[in-house]
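The values are calculated or read from the model by the stated rules, or taken from the named source; none is laboratory data. No experiment lies behind these values; they were computed from the predicted model shown. Positions of Cβ are generated from backbone atoms using ideal geometry, with glycine treated the same way; all protein chains shown enter the neighbour counts.
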């Protein structure tokens, strides 16, 4: 997996070098996320709870663009037990998400009032803290793929994306396997052209 991420970054860097004259836009943003796990235990199920993220990205290009980003986020999921004697538990994981997008502007340009675009790419999530889970039992880095769409209204933007984790969240799945994360992200911010 690391080879694929390195290859994607190398291709993205080459894309950037070839488009040095392209537009550069800084995009600070805040938003919410909903995360659950791919495997439910036999005694209950995982339900998404609202988490948050704050960070930003830098977009390079016009019609086709490259956009690396960095976000600090908190993901929260609740385990809802089917057994009335066991209480429900909320699991929280915080860390840094590093998405690397390649996108296409479908409608509008940097000077348009309204723009519509689609994007996708690989991502890494670096765990820095947990609630209710033992951080030592989690993989420090989780790799994923995501796809989404964005709407630009002058200098304001709104983006929706869905991320599928490629790696299990736990190091050892022999005792309890909660699977991989699935996250839905909504964030908004402003576009600052350079």
**Study point:** Filter pass, residue 144 being within 18 Å of residue 37 (Cβ to Cβ) and modelled with pLDDT of 90 or more
**Key:** yes
**Study point:** Which listed residue is surrounded by 14 or more Cβ atoms within 10 Å (Cβ to Cβ), modelled with pLDDT under 90, touching a strand residue (DSSP E or B) at 6+ places or on another chain (Cβ under 8 Å) and within 20 Å of residue 154 (Cβ to Cβ), from 108, 92, 56, 103
**Key:** 108
